[in-house]
Amino acid sequence: MSDLAETDPAVADAIAGEERRQEENLEMIASENHVSPAVLEAQGSVMTNKYAEGYPGARYYGGCEHVDTVEQLAIDRATELWSAEHVNVQPHSGTQANQGVYFAVLEPGDKILSLDLTHGGHLSHGHHVNFSGQLYEVEQYEVDPETGYIDYDALQEHAEAFDPDIIVSGSSAYPREFDWERVQAAAEAVDAYHLADIAHITGLVAAGVHSSPVGIADFVTGSTHKSIRAGRGGIIMTTDEHAEAVDKAVFPGGQGGPLMHNIAGKAAGFGEALEPEFEAYAEQVVENATVLADVLRDRGFSLVSGGTDKHLLLVDLRESHPDLTGADAEDALHEVGITINKNTVPGETRSPFVTSGIRVGTPALTTRGFGAAEMERVGTCIADVLDAPDDDGVREHVASEVDDLCASFPIYDGEWR
Ligand code: DSN
C-alpha cells in the first residue's frame, strides 16, 4: 500500500479513481493526453520542494544546482524541438505564457486583434471575462461563415482599420492549419507584433506534421502537456531580441517561484519527443482525426470547415441534430465511457454551458495505441449514440465496445506506481 493510501485514503482513493477513469474511458478531449510514467515520476519528484526564483545560473536562492540542470535540459530540448532562438519554460500554463508575452510588449489599454472564442479562439486571447480582455482593448476576427476557414483578407482589412499593437494567431478549437505567413503579413502592414499560440499543436509542430510559426511570428506560446505529452504547463519561444523582456515579464513580472517538478516533467517529455518514434505518433494523431472526420461526415454530421488538418474536429450539431445540444451530447457520450467536451461553434446562439457543438480530439487515444481501425469503431460508437441518445440497446452495445477497446489498449497498466 502506498503512503498516501495509508495516511490519507480520501485523497488516495480520488487519485486511484481518476486513474481508473482514464483506463476505462475513451479520452477524447482535444487538449488532453496521457503522459508517460517517466513524466509522471518527474512531476511527482522532490523538485516540488524547491524554490528557484530566477533562471538557471542566476537564482535568488541557494541550493539550485539540480533545478538549474533540469531547467537547462528543458530549455535545450525545447530549443532543439522547435528550433527557437530563446525559450522560457517557466509559465505555469498556456494562459500564463500568453500573459508573459502581453506583459513583455504591451501597456494596459493597448490593442489586441485575435480570433473570437466561438470561432475557435481562447479566453486568454482577449475575452472579456479574462484579464486579457480587461487590461487591453480587444477586437476579434472570425472564420468565414460559408467555409469555416479563417478569412485572411478580412483579417488584414480588420487590422488596417483597428491598428492593433499585437495580432494573436492560433486557437483552441479551429480544425484547420493556420497560415502564419498571412497573419505575419497583416501584422507587418500595421507595425504590430505577432503572437502565435500553438497550445494545442505543440507536438504536431515539433514533429513537423503541422507548419511552424517559429521564425515567422515574434512570439510563439504553447502548452506542454497537450499534443507534446510532457509535464504540465506552458512555454514561450521568441527571438533573442525579445528574450530579456519575456524573461522579466514571466519572472518577476507575472509569476513567483517556478514549478520545478513540472519543469522536470517538461524536460522528460521533451526528451521523449526528440526520439524518432514521436514523429510517427504525431502523424498517427492527424491520421486518426482524419479517419474520425470521414466516419462522422459519412454518418451525416456537419463538421466546421468540413474536416480537419490536425488533431481535432468541431462537430456542428445544428443541421443534423437540431434538438441535440452540445451539453446533451457530452452527457450521452459520458454515459457510455466516451469523454468529449461541448463546444460553441461559429454563429453560436446557445450559451457556453449548452452550446450547439462538440469538440473531439485524438492525441490521447493515439497515445493508447489506437490506429485507423480503432478510430473507425470509435467514430461509429459516437455516431450511434448521438443518433439515439436515449436508446438503451445502443448505449449497452457502445459501452461494451468501449470496454473492449480500453481493455485491448491499456494506458499505464499499474506501471507508474
Ligand atoms: N483548456 C484548454 C482546451 O481545452 O483547449 C485550453 O486552455
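Summary table below
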| item | result |
| --- | --- |
| The listed residue being surrounded by fewer than 16 Cβ atoms within 10 Å (Cβ to Cβ) and under 11 Å from GLN90 (Cα atoms), out of GLY257, GLY253 | GLY257 |
| Contacts under 8 angstrom Cβ, first residue in segment 110-126 being of a type in the set (Lys, Arg), partner in a strand (DSSP E or B) and more than 11 Å from the ligand (Cβ to nearest atom), 6 or more apart | LYS111/GLU137; LYS111/VAL138; LYS111/GLU139; LYS111/ILE166 |
| Yes/no for GLY121 being assigned to a helix (DSSP H, G or I) and within 16 Å of the ligand (Cβ to nearest atom) | no |
| Residue tally, condition open to solvent by 10 Å² or more (accessible area, probe 1.4 Å) and either touching a residue at least 40 places away in the same chain (Cβ under 8 Å) or within 16 Å of the ligand (Cβ to nearest atom) (or both), over segment 308-326 | 5 |
| Flag if ALA245 is crowded, with 23+ Cβ neighbours inside 10 Å, more than 16 Å from the ligand (Cβ to nearest atom) and modelled with pLDDT of 95 or more | no |
| Inter-residue pairs, beta-carbon under 7 Å, first in a loop (DSSP other than H, G, I, E, B) and in segment 369-392, second open to solvent by 40 Å² or more (accessible area, probe 1.4 Å), 6+ apart | GLY369/PHE409; PHE370/PHE409; GLY371/GLN284; PRO389/ASP328 |
| Residue list for segment 232-242, restricted to those being within 16 Å of the ligand (Cβ to nearest atom) and open to solvent by less than 10 Å² (accessible area, probe 1.4 Å) | GLY233, GLY234, ILE235, ILE236 |
| SER351 part of a helix (DSSP H, G or I), polar (S, T, N, Q) and open to solvent by 40 Å² or more (accessible area, probe 1.4 Å) | no |
| Subset tally (residues that are of a type in the set (Lys, Arg) and either touching a Ser or Thr at 6+ places or on another chain (Cβ under 7 Å) or not in a loop (DSSP other than H, G, I, E, B) (or both)) for segment 310-348 | 2 |
| Some residue of segment 222-230 being modelled with pLDDT of 95 or more, away from the ligand (no atom under 16 Å from the Cβ) and open to solvent by 10 Å² or more (accessible area, probe 1.4 Å) | no |
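This table checks each residue for (1) more than 18 Å from the chain's Cα centre (by Cα); (2) open to solvent by 10 Å² or more (accessible area, probe 1.4 Å); (3) away from the ligand (no atom under 16 Å from the Cβ).
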residue: ILE166; (1), (2), (3): yes, no, yes
residue: ALA173; (1), (2), (3): no, no, no
residue: ALA187; (1), (2), (3): yes, no, yes
residue: VAL190; (1), (2), (3): yes, yes, yes
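The values are calculated or read from the model by the stated rules, or taken from the named source; none is laboratory data. If you're wondering where the values come from, they're calculated on a predicted model, not measured in any experiment. Note: ideal-geometry Cβ built from the backbone for every residue, glycine included; neighbour counts use all protein chains shown. Just the protein is used for accessible areas: all its heavy atoms, side chains included, with ligands, DNA and RNA removed. Shrake-Rupley method; radii C 1.70, N 1.55, O 1.52, S 1.80 Å.
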